[in-house]
Amino acid sequence: MKQVRIEKLTLNIGCGMSTNTEHAKKILEMLSKRKVVITRTRKRTTFNVPKNKPIGCKVTIRNEADKFLKLLLEAKDNRLSQRSFDSTGNFSFGIKEYIDIPGMDYDPKIGILGMDVCVTLERPGFRVKRKRLFGKIGKAHLITKQEAMDYVREKFGVVVE
């Protein structure tokens with residue numbers, strides 16, 4: 001029950017107010033071969049972006065996340081910073097250009113876009129957290145920053161600096 005595993009992998013491309021959401025959607029579909037969700041603004045913000053305008057897109061990967069994460073870590077030369085890990089054991093990193101990912105080719109119609117990769121880790125039994133009635137987990141069952149760094153080092157051979 002103490003074994004750490006990947007719950008999900010979330011890829012996000014933020015486009016702002018530009019019309020690049022279709023380009024970003026095409027990149028994520030080519031990369032993940034899954035349905036992509038366009039993210040929209042929820043309310044008028046301090047940046048005066050009107051409500052319900054598209055500002056980016058994202059995709060969540062649950063099955064085969066290990067293979068996919070290995071591919072994305074190759075784009076970062078298997079190196080991560082300690083600052084990439086949070087106190088609850090999750091980690092995230094950015095990829096500056098999608099053409100850094102092995103197997104992705106440059107498309108002049110799309111241009112160059114980067115993306116954020118967020119990895120959520122869990123242990124068996126974490127589904128209790130998602131239950132409405134018993135939404136708490138014991139402190140011994142939570143994943144620490146050090147355990148997450150050790151997991152990434154052992155499983156993927158990543159150098160954590």
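The values are calculated or read from the model by the stated rules, or taken from the named source; none is laboratory data. Predicted model only: the values in this text are computed from it and were never measured. Here the Cβ positions follow ideal geometry from the backbone for every residue, glycine too, while neighbour counts run over all protein chains shown. Accessible surface is based on the protein model in full, side chains and every heavy atom, while ligands, DNA and RNA are left aside. Shrake-Rupley method; radii C 1.70, N 1.55, O 1.52, S 1.80 Å.
How much length is gained on full extension from ASP107 to PHE156, taking 0.36 nm per residue of separation minus their Cα-Cα distance?
Result: 14.7 nm gained on full extension.
Given a Förster distance of 30 Å, report the FRET efficiency between ASP77 and ILE38 from their Cβ-Cβ distance, rounded to the nearest 0.05.
It comes out at approximately 0.45.
Using the heavy atoms of the protein chains alone and a 1.4 angstrom probe, what is the accessible area of the chain per residue in square angstrom?
On a per-residue basis, the chain sits at 64 Å².
Just add up the charged neighbours of ILE6: K/R +1, D/E -1, any other residue whose Cβ is under 14 Å from the Cβ of ILE6.
Every neighbour counted, the sum reads +1.
Quick one: with all protein chains in place, what share of the accessible area of the stretch 1-51 is carbon or sulfur, to the nearest percent (1.4 Å probe)?
It is 52 percent, rounded to a whole number.
Going by alpha carbons, how many degrees (0 to 90, nearest 10) lie between the helix axis of 65-75 and the longest principal axis of the chain?
Tilt of helix 65-75: around 60 degrees.
Given the DSSP H assignment, sum -39500 (n - 2.57) over each helix run of at least 4 residues in the chain and divide by its residue total; what's the result at 222 nm in deg cm²/dmol, nearest 500?
-6500 deg cm²/dmol
Kindly write out, for the stretch 33-42 in residue order, the coupling ³J(HN,Hα) from the Karplus curve 6.51 cos²θ - 1.76 cosθ + 1.60 (θ = phi - 60°), rounded to whole Hz, with x marking Gly and Pro.
6, 10, 6, 9, 9, 8, 8, 10, 6, 9
Compute the angle between helix 21-32 and the longest alpha-carbon principal axis of the chain, please, reported from 0 to 90 degrees and rounded to the nearest 10.
That works out to roughly 40 degrees.
Return one number: the angle in degrees, 0 to 90 and rounded to the nearest 10, between the long axis of the Cα atoms of helix 145-156 and the longest principal axis of the Cα atoms of the chain.
For 145-156 against the chain, the angle is about 70 degrees.
Return the long-range amide H neighbours of LEU142 (sequence gap of 5 or more, or a different chain), with a cut-off of under 5 Å between placed amide H atoms.
Here nothing satisfies the definition.
When the chain is fully extended, how far beyond the present Cα-Cα distance does THR10 get from LYS139, taking 0.36 nm per residue of separation? Show your work: numbers first, answer last.
Details: separation 129, 0.36 × 129 = 46.44 nm, distance 2.53 nm.
Once the chain is fully extended between THR10 and LYS139, it gains 43.9 nm.
Based on Cβ point charges of +1 for Lys and Arg and -1 for Asp and Glu, what charge dipole magnitude is obtained for the chain about its Cα centre, in debye rounded to the nearest 20? Numbers along the way, then the final one.
Values: 34 positive and 18 negative charges, 260 e Å.
The calculation lands at about 1260 debye.
First select every other residue whose beta carbon is under 12 angstrom from the beta carbon of ASN20; then total the charges, Lys and Arg +1, Asp and Glu -1.
With Lys, Arg at +1 and Asp, Glu at -1, the neighbours total +2.
Please report the accessible area of PHE85 (heavy atoms, 1.4 Å probe, ligands and nucleic acids excluded) in Å², nearest 10.
Only protein atoms counted, so the area is about 10 Å².
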